[in-house]
Amino acid sequence: MPHDGGKHRVVIVGGGFAGLGCAQRLADHDDIGVTLIDRNNYHQFQPLLYQVATSLLAPSDIAHSLREVFADQENVDVKLAEVSAVDPATRTVTTADGATWTGDVVVLAAGSQPNFFGTPGAGENAFPLYSLDDATRLRSRILGLFEAVDRDPTLVQRGALNFVIVGGGPTGVEVAGALADMINVTVPAEYRNLDASTARIHLLDYGDTLLRAFSDKAHGYVAEVLQERGVVLNLGTGVKEVGTGHARLSDGTVLASRCVVWGGGITGAPIAAHSGASPGRGGRIEVEADLTLSGSPGVYVVGDIANIPGPDDKALPQLGSVALQSGKWAADNIVADFQGKPRKDFVYRDKGIMAMIGRGAAIAEVGEHHHEVHGQLAHMAWLGVHAALMTGTRAKIEAVIDWGWDRFSKTGGPHVLDRGEEAQIDWDDDPTATAAIGSSAPTG
Ligand SMILES: Cc1cc2nc3c(=O)[nH]c(=O)nc-3n(C[C@H](O)[C@H](O)[C@H](O)COP(=O)(O)OP(=O)(O)OC[C@H]3O[C@@H](n4cnc5c(N)ncnc54)[C@H](O)[C@@H]3O)c2cc1C
């Protein structure tokens, strides 16, 4: 029975792909009122964070105001708040400032957070890439290092142009490729006193291949493209410790570096541990096939924060497409619930996977049979798919202009150093880095 002024009330935590997909689907139903809570007042398009970090796109290209998205849908109310707890029994959400929101149904769509796997110093000193804030911080650190070397070229000896990227999955590969393009193309055009050939990008992974989800042929292609562009591949190697000025590798090597990028893994968002459920594999919440929390039919858990059963009972991967589809599916089940109809078990439609490696180089496995394409064609497919998925026409147009500009100019996108603190580096603060530079240990 509808209440809350004649409407059923659905409270959604998180305005990422999953939460937004769910809210947009529910917005079509006038008898449902939606409260969408997020700690940010915008939806961020995570697959393009690396392009903000490497100055290809502006932050505004990949962030879209949630209020603007729902400006024409009066039954969706956006609230800016940090959710600190969820009570599945009463379907009540509590925010950090003590406010509470109760719904007939709660949808938990709070995503992931970086997983540093207990690596000493990584949380404090490495640069994760999970939010817009992370991306602008990393962009300022990269630009801050170029500025520092432009002023004082001797800083190269102290590792100022050594970039260490941890993780050979899509995030690590995409950052490595974009950074290589920046160093090979943009930096020589803009920093006249900087010898770009002295820069080193190290891409590390404990495994022996990059982009494991792709085929063996793709593994060879990615490695070849990155090496051609000057990326040093440290496969079979991980990071044991991160300092302010160094990374200690699992083979004992110490690399002097002021920029260690963390693409080493993710775990469920912190709220997973305060949701009344015990987080399972990967710190994520196990859900039933219909996307509800076991024993709590009024609570749905969707997107990255959930272990959603897929074929062969293996959990589905943390992908934008899984998040979007699960959010929409939850909405359909919620509507069915309100109409007294049965819910349906989630079926994921796998339309393929893609990864960008750099200018003119990408891999796409498309269609049900994952037909594989490499190179320019895959690059164009990647641009088309990502532009289509972006929220808001203005963002799509601006991104396409920036991509076109990057393709035909040498200056790339907006090189804005807006986080001044990331350019303030104390070059003497790390004795391990100083010892590594002064000894025979490689500095890159
Ligand atoms: C760098 C990077 C590159 C990626 N590339 C690809 C790709 O190429 N293709 C692909 O398919 N997938 C990619 N992914 C994965 C994809 O982005 C995620 O699977 C997807 O964003 C998950 O959506 P979600 O809605 O579950 O979570 P998110 O998009 O993380 O959204 C969660 C939302 O919840 C909010 N939130 C979290 N906790 C709280 C709280 N306590 N209170 C209030 N609000 C909260 C956050 O602010 C956020 O808006 C990439 C991810 C990253 C990080």
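None of the figures in this text is laboratory data; all of them are computed from the coordinates on show. What you are looking at is a predicted structure, and each value in this text was computed from that prediction instead of being measured. FYI the Cβ positions are ideal-geometry reconstructions off the backbone, even for glycines, and counts take in every protein chain you see.
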Legend entry - Using alpha-carbon coordinates, inclination of helix 132-151 to the longest axis of the chain, degrees: 10 degrees
Legend entry - Signed unit charges on C-beta, dipole axis of the chain, positive-most listed residue L233, T267, G123: L233
Inset, instruction - Determine which lysines satisfy two conditions relative to K341: a Cα distance under 24 Å, and not lying fewer than 8 residues away in the same chain. - result: K7, K328
Legend entry - Largest-first principal axis extents, alpha carbons of segment 259-411, Å: 56, 40, 33
Legend entry - Magnitude of the charge dipole, segment 34-146, Cβ model with Lys/Arg +1 and Asp/Glu -1, debye to 20: 420 debye
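Starting from the alpha-carbon convex hull of segment 147-306, give the projected area averaged over all orientations, in nm².
Result: 12.4 nm².
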Inset, instruction - Evaluate E = 1/(1 + (r/R0)^6) for E368 and D426, where r is the Cβ-Cβ distance and R0 equals 45 Å; express this FRET efficiency to the nearest 0.05. - result: 0.25
Inset, instruction - Specify the angular offset, from 0 to 90 degrees and rounded to the nearest 10, of the alpha carbon long axis of helix 170-181 from the longest principal axis of the alpha carbons in the chain. - result: 40 degrees
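Taking every pair of distinct Cα atoms and averaging 1/r, then inverting, what Kirkwood hydrodynamic radius in Å comes out for the chain?
Working: mean 1/r = 0.0436 Å⁻¹.
After inverting the mean inverse Cα-Cα distance, the result is 22.9 Å.
Go through 146-158, 329-341 and give me the packing order, highest mean Cβ count within 10 Å leading.
Details: 146-158: 16.7, 329-341: 19.1.
For the peptides 146-158, 329-341, the packing ranking is 329-341, 146-158.
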Legend entry - Length-normalised contact order of the chain in % [C-alpha pairs under 8 Å, at least 6 apart]: 20 percent
Inset, instruction - Please determine, in degrees from 0 to 90 and to the nearest 10, the orientation of helix 375-389 with respect to the longest principal axis defined by the Cα atoms of the chain, where the helix direction is its Cα long axis. - result: 40 degrees
Inset, instruction - Arrange the peptides 375-385, 195-205 so that the one whose residues have, on average, the most other Cβ atoms within 10 Å appears first. - result: 195-205, 375-385
Inset, instruction - Calculate I(q)/I(0) for segment 26-102 by the Debye formula, one identical point scatterer on each C-alpha and no solvent, and give its log10 at q = 0.23, 0.24, 0.28 Å⁻¹ to two decimals. - result: -1.04, -1.07, -1.18
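Any idea what the dipole of the chain comes to, in debye rounded to 20, about its Cα centre with Lys/Arg Cβ at +1 and Asp/Glu Cβ at -1?
On the way: 35 positive and 54 negative charges, 74 e Å.
About 360 debye.
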